[in-house]
Amino acid sequence: MIVEIGHFALALALGVAVVQALVPLWGVSRQDTALASVGPAAAITCFLLVALSFAALVSAYVRSDFSVETVVANSHSTQPLIYKITSVWGNHEGSMLLWVLILTLFGALVALSRNSLPMRLRAGTLAAQGLVTVAFLAFVLLTSNPFARLDPAPADGQDLNPILQDLGLAIHPPLLYVGYVGFSITYAFAVAALIDGRIDAVWARAVRPWTLLAWVFLTLGIAMGSYWAYYELGWGGWWFWDPVENASLMPWLAGTALIHSTVVMEKRDALKVWTILLAILTFSLSLLGTFIVRSGVLTSVHSFASDPQRGLFILGILVFFVGGSLALFAWRAPLLRQGGLFAPVSRESALVVNNLFIATACATVFIGTLYPLVLEMITGDKISVGPPFFNATFVPVLVPLLLVLPLGQTLAWKRGDLLGAAQRVLAAFILAILVALALIAFSRGGPVLAPLGVGLGVFLVASALFDIGERVVGRASGVQAMFSRAIGLPRSAWGTAFAHAGVGLTVIGIAASAWSSEAIGVLKQGESLSSGRYTITLDSITPRTGPNFRADVARFKLAAGDRVLAPIEASKRVYTARAMPTTEAGIHTDGLSQAYVALGEAQADGGIAVRFYDKPLILLVWLGAVVMAFGGGLSLTDRRFRLAAPRRAQPRAAIVQPAE
């Protein structure tokens, strides 16, 4: 009965979403406030219905209801409770229902923000969001029904894919989906603004918090996915330029550009056309990522499904929303008034340069990801584009962006002083040079570019700290005065500093990976293997039984020179339901560095293959992402984002009417 209630609620939500998509627009066009006000009620109702449906699916997994097809395919009665719950989104059908749940949640949040949005903008945004909801609810109900029944029901399930039975998967997909789907709100705002013909600082102030919120969650989702792949897959790497990884990176890059572009639009009423286009493209790239994961057009360890029917349906959604919004943009954008002017040397110009570099970097990832697919469609040839391509194209674009980032942050709005800005970052630049030279001297004969990369990261961190320090210290005399200035700084200023410092920390972690070392060997009990600063000695191999798996656990003694560290355990598991092996890496954290052990195959002579890494400063890769997300979250708490942008006494029309 619970399953049928969930299915019915999902079908009812589709009807409500149709109302949400059509009635508010009709009300706006007829200047009917009552009809326009239907949008918020419909959005909230739609969310409650989808939440009920999702709760019914979770209940089916927790109760091990094997009359439901997805429960049979992705769960097992012996699974721990946490993995029964995460199994809900560890498959195509359940993950799409989670996708729709988050989509309707954002619509409900917009509906509840009554005081911060003009009525026409809110109505248009909810209508556009409702149309997206209609498309994905129809997709779930017609091609990916999570409540499909089996008769007769089997006695037990087939178990969740073993590599997904990890706590990281309890966190990674929801974070990632909030980021992906969050950009649907910025898309809906853009479509609503184009339809209404009003694009101004009010719009920029309204859309910026939603962009920041989606960006924060997408940042955390990508970082969590990277760390999960690092420790769960046993490869010892944190990024592989996998097509699905790229699919999450592209909207992140576009969203980063959008955040900076909305700042210019809010402050200077400029870059209107570009900002609207970025809002459309960011969500379009999120839809593209959904298509890549669900269609099977590209092979990836992350792919959920390869059903052509589903792929064609999502392709239709992609074409409709991307093509339709770009057509609307092409029609309305030429009629937009240009915003405020600014000098070539100004913070606005620096943010434009920032956007150009980020857009170029995103384009390189887009081409490298989709080129193999297009080539195969045209010629039938199959090629793979991997790290060599991306390292040769993406990194050279990113480096100059990071070099000019601190400089742009110190420039004034409208007209800046380039020499003065350079003087303000000079101390950070000198510190970075000194760090790079010290590393070159210390690692003589080592990686050539790594010290320069660390220096670049130090430059970013130091510039962010020095900028905040200059604002706090200023002309203040005494600790109390500095404390007062620190409290008085806008939270967005603190958030910007943390976000930029987080980028620097990640750059340091990436550059330091060049000093990682790897050793591969076959060890018997009592034998040792060294890599970099660490040595491991195989102490024992013992069997262990889990709730739904068997494991051989290898215990190693870890030492750094004469210093004995904590033991490391690594294991090979076999999950009984699927008879599928997995590798559980053993990791010891030593400050910001890690010693990493992964097991290979057991040998006939009693030994076991071992891969052992020394990874200096590796944690900075993910710590930097967390600091970035913290900075974005801190900016979200800025008081300005809780208030509507001030209106001009006599606002200009946003659309230039063509001459008679």
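The values are calculated or read from the model by the stated rules, or taken from the named source; none is laboratory data. It should be emphasised that the depicted structure is a prediction, and the values quoted were computed from it without experimental measurement. Heads up, the Cβs are rebuilt from the backbone with ideal geometry, glycines too, and the neighbour counts pull from every protein chain shown.
Let's see how each residue does on (1) modelled with pLDDT of 95 or more; (2) over 28 Å from the mean Cα position of the chain (by Cα):
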| residue | (1), (2) |
| --- | --- |
| GLN31 | no, yes |
| ILE44 | yes, no |
| ALA51 | yes, no |
| HIS92 | no, no |
| GLY124 | no, no |
Among the residues of the stretch 529-554, how many are part of a strand (DSSP E or B) and within 25 Å of LEU592 (Cβ to Cβ)?
7
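Residues are listed down the side, and each one gets a yes or a no for (1) under 30 Å from VAL574 (Cβ atoms); (2) surrounded by 13 or more Cβ atoms within 10 Å (Cβ to Cβ); (3) in the same structural domain as VAL597 (by TED's automatic domain parsing); (4) at pLDDT below 95:
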position: VAL479; (1), (2), (3), (4): no, no, no, yes
position: MET482; (1), (2), (3), (4): no, yes, no, yes
position: ARG491; (1), (2), (3), (4): no, yes, no, yes
position: GLY502; (1), (2), (3), (4): no, yes, no, no
position: LEU505; (1), (2), (3), (4): no, yes, no, no
position: GLY509; (1), (2), (3), (4): no, yes, no, no
position: GLY521; (1), (2), (3), (4): yes, yes, yes, yes
position: GLN525; (1), (2), (3), (4): yes, yes, yes, yes
Tally, over the stretch 61-77, of residues that are within 13 Å of HIS92 (Cα to Cα) and of a type outside the set (Val, Ile, Thr):
3
Any chance the stretch 257-273 includes a residue that's under 24 Å from LEU373 (Cβ atoms) and either modelled with pLDDT under 90 or part of a helix (DSSP H, G or I) (or both)?
no
Could you give me the residue pairs with C-beta distances under 9 Å whose first residue belongs to the stretch 490-504 and is without any contact (Cβ under 8 Å) to a residue 60 or more places away in the chain, whose second residue is in a helix (DSSP H, G or I) and not small (Gly, Ala, Ser) wherever it lies, and which are 6+ apart or on separate chains?
ALA493/ASP467; ALA493/ILE468; ALA493/ARG471
Screening LEU505, LEU529, LEU523 for residues that are within 22 Å of PHE429 (Cα to Cα) and hydrophobic (A, V, I, L, M, F, W, C) leaves only LEU505
Candidates VAL626, VAL656, VAL574 - the one that is at negative phi, surrounded by fewer than 22 Cβ atoms within 10 Å (Cβ to Cβ), modelled with pLDDT under 85 and not small (Gly, Ala, Ser)
VAL656
Tell me, which residue of the stretch 603-623 that is closer than 30 Å to LEU220 by Cβ and charged (D, E, K, R) is surrounded by the most Cβ atoms within 10 Å (Cβ to Cβ)?
LYS615
Would you please list the contacts, defined by Cβ atoms under 7 Å and residues six or more apart or on different chains, that run from a residue in the stretch 437-451 that is under 21 Å from PRO396 (Cα atoms) to a residue that is part of a loop (DSSP other than H, G, I, E, B) and at pLDDT 80 or above?
PRO451/SER443
Per the filter on the stretch 61-82, residues touching a residue at least 60 places away in the same chain (Cβ under 8 Å) and crowded, with 23+ Cβ neighbours inside 10 Å are VAL68, THR70, VAL71, ASN74, SER75, HIS76, GLN79
Which of the strands (runs of 3 or more DSSP E) found entirely inside the stretch 574-627 contain at least 2 residues meeting this: under 30 Å from ALA73 (Cβ atoms) and in contact with a helix residue (DSSP H, G or I) (Cβ under 7 Å, 6 or more places away or on another chain)?
580-584
When restricted to ALA193, ALA153, the only residue assigned to a loop (DSSP other than H, G, I, E, B), in contact (Cβ under 8 Å) with a residue 12 or more places away in the chain, more than 20 Å from ILE314 (Cα to Cα) and among the hydrophobic types (A, V, I, L, M, F, W, C) is ALA153
Considering only the stretch 243-283, state which residues are of a type in the set (S, T, N, Q) and either in contact (Cβ under 8 Å) with a residue 60 or more places away in the chain or out of contact with any Lys or Arg (no Cβ under 7 Å at 6 or more places or on another chain) (or both).
ASN246, SER248, THR256, SER261, THR275, THR282
When residues of the stretch 109-122 are limited to those that are part of a loop (DSSP other than H, G, I, E, B) and among the small types (Gly, Ala, Ser), the one modelled with the lowest pLDDT
SER116
